[in-house]
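Just so it is clear, none of the values below were taken in a lab; they were calculated from the coordinates. Keep in mind the model is a prediction, meaning the values are calculated, not measured.
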Amino acid sequence: MAKRMSFSIQRRQVLVGAIALGATQIGRLSAAVPKDRKKKKITVSSSRELYEAIGSDREISLEPGLYDLGALSEEEDLTSNNVRFEKVFDGMEAVIYNVKNLTLVGASDLSAKIYARPRYADVLPLVDSRNVTINSIELGHWPDRGYCNGAVVQLTDCDRITVKDSVLFGSGTYGISAVRASTLRCEDTKIHDCTYGILSLRECADLRFKRCQMVDNQEFFGVSASQVRRLTFDSCAFEDNAFKDELFSVRDSEPITLKKCTVSRNVSSGLINESAMLKLERTEFSNNTFPTPYSSDGVS
């Protein structure tokens, strides 16, 4: 018994150390973010205009229509310090990188749509970027489903990212896939019909989803979190999803929190891979294939 307790303590110490190291790295990113500066306001109505407008300290209003940045890769006379094209298996992917203080905003009816045609391309990849807001835009793969590597929003080494009043649809392997991201806010947004899962999060911290709908997603895990700190779902709905594995897979991380959420009509092998990795507050469960968890705070 003493040996088993000693092993558990050592394992916990290693885990806490790994999480702390990740937090230190993310903290360095956050500390480097300058104060918000005044944004230049630009209105665009075509993919090329959007491409040319992307940069730091911008608020870009997208007129109703379809925007496909990857389709511009074969055009001549394109120059940008913040958008590059990268080859994927079945086409080209447009990557936005090294931007700060950028807002992309569409109309409230979601008539501005950012799509990607290559199935292996991320729809909106952001790399090494800070203080970026995506507001009132529909994003997804069209006309074919994403496959293998094609997430909807892909974040790599990013800080202070906000997605609100938007729709992220499958296909896309995941609605949001993030690596080394911090201070992510996703509010009043629907993630649906993604083909691998809802979220894939690795080495991230301070992530909050509020009043979001995660519906009709499928395949592996619903939410996969590895080396993640402070992940909270507040007033979110997880409904009509179908996964081969658990709805939540949380490894080498702090426990995640579900607060005032609804979890209904989901098919999966279980709620979570390890019960201690989930904190429940006033969350309701109904008609799922896994047993309803018991909680002393009145969860039912």
(request) Enter the Cα centre distance for the pair the stretch 181-239 and the stretch 104-173, rounded to the nearest angstrom. (result) 14
(request) Once you have the Cα-Cα distance between Thr289 and Thr162, take 0.36 nm times their residue separation minus that, and quote the gain in nm to one decimal. (result) 42.4 nm
(message) On a straight-distance basis, which lysines could pair with Lys164 in a cross-link, Cα separation under 28 angstrom, same-chain partners fewer than 8 positions away excluded?
(response) Lys35, Lys38, Lys39, Lys40, Lys41, Lys100, Lys113, Lys190, Lys210, Lys259, Lys260, Lys279
(message) How large is the Rg to Rh ratio of the stretch 153-211 when both quantities use alpha carbon positions and Rh follows Kirkwood?
(response) 0.94
